[in-house]
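Below is one structure, written out as structure tokens; the observations come after it.
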Amino acid sequence: MKDDAIDVVCPKCSFEFQLPLGSALTPLMDAEIDRRLSAQRQQIVEETRAVASKDSDDRNHVAIAMRDKMIADMRLEIDELRRRIDRGSQQMQGEIQELTLEAMLRTAFPRDRIVPVPKGQSGGDAIHEVLGLSGSPVGAILWECKQTKTWSNEWLRKTKQDMRTVAAALCVIATSTMPKDLEVFGHLDGVYVVEFRHVLPLAQILRRVLIEIAAIRATTKQGAAATEKLLSYITGQQFRNRMVSVMEACVALQNDLDADKRATARRWARSQQHVDAVIQSMGGVFGDLQVLLGDSMPELAGFAGASEPDCGRQAS
């Protein structure tokens, strides 16, 4: 290549030739070349950065999406676990209530047969088969336990259906949550509903009713008319009012007994404190007299040496 020329390649046909340049144009050409090279380098750098940034953003988006999915999956698993725990807790509480009911009935009526209904089998939770004075069955009571926060009228229909399935004479729902506008005890759509803590008074009365009905049926004079009257009575409002009165009286009596126990314990504790104070004071007087009189002080039964042990007990 000549000093005053540069090699040039045709961009279309790739033909190489020399282009003569004047010495005056060389600095301008060099500056233009440098500018274009710098621009190309800057463009390459920016494109590289853009590609790298895009790749980084894509990777970040993927990572964020994976993290969000993991968090969502974990929340679903936690919610499902909580539901399982709640169901398990409610089921356990219900089973405990059923066992408690069976134990109460067996203790109160040792002659009767209390049969739990197997899980998964229709027929309530427990069947109370009442035995008469002769030891023969006179009827059965179906018990259904409910340990929930809200009452459902659907329980009434199912309990009556279960009563027919097991051929029981009466059915009772013992619940921790009573229906609206109903307290202590009630008779709804052919089903007795009672608070769990008032189960025994209702069980005693219903058991007696079944025994009386069996006795009436056994007599030929009374016949079906008396039985119908008795059944109408125990399902009526008058019987319900009497039942509520009996249960309220039982609850009030139990509360009074508990209050008397607490009051008696308090009175005994106060009296014991007074007695201890008197014994301690008299023991102190006896000790003072012994110091003053010496051996001439006679021994008093019940006070000799009483001050020391009593003082020690008070200090302890």
### Query
Among the residues of the range 128-135, is there at least one that is modelled with pLDDT under 85, within 25 Å of VAL246 (Cα to Cα) and in a strand (DSSP E or B)?
no
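Take ILE213 and tell me if it is in a helix (DSSP H, G or I) and β-branched (Val, Ile, Thr).
On the way: in a helix (DSSP H, G or I): yes; β-branched (Val, Ile, Thr): yes.
The answer is yes for ILE213.
Report whether or not ILE141 is of a type in the set (A, V, I, L, M, F, W, C), in contact with a Lys or Arg (Cβ under 8 Å, 6 or more places away or on another chain), within 18 Å of GLU95 (Cβ to Cβ) and outside any loop (DSSP other than H, G, I, E, B).
no
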### Message
Can you tell me which residue is modelled with the lowest pLDDT among those in the range 148-196 that are over 22 Å from HIS128 (Cα atoms) and polar (S, T, N, Q)?
### Response
THR148
### Message
What's the number of the only condition in (1) closer than 15 Å to MET243 by Cβ; (2) exposed (fewer than 14 other Cβ atoms within 10 Å of the Cβ); (3) under 30 Å from the mean Cα position of the chain (by Cα) that ARG208 fails to meet?
### Response
(3)
### Query
Mind checking which residues of the range 126-139 are free of Cβ contacts under 8 Å to residues at least 40 places away in the same chain and closer than 24 Å to SER176 by Cβ?
ALA126
### Query
When both residues are 6+ apart or on different chains and their Cβ atoms are under 8 Å apart, which pairs have a first residue that lies in the range 142-166 and is over 16 Å from VAL115 (Cα atoms), and a second that is part of a helix (DSSP H, G or I) and of a type in the set (Phe, Trp, Tyr)?
LYS146/TRP155
### Task
Please state which one of PRO110, PRO116 is farther than 26 Å from LYS160 by Cβ and at pLDDT 75 or above.
PRO110
### Task
Could you tell me whether the range 92-104 includes any residue that is outside any helix (DSSP H, G or I), in contact with a Lys or Arg (Cβ under 9 Å, 6 or more places away or on another chain) and either without any contact (Cβ under 8 Å) to a residue 60 or more places away in the chain or surrounded by 13 or more Cβ atoms within 10 Å (Cβ to Cβ) (or both)?
no
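The values are calculated or read from the model by the stated rules, or taken from the named source; none is laboratory data. Model, not experiment: these values are computed from the prediction. Glycine gets a Cβ as well: all are built from the backbone with ideal geometry, and neighbour counts include every protein chain shown.
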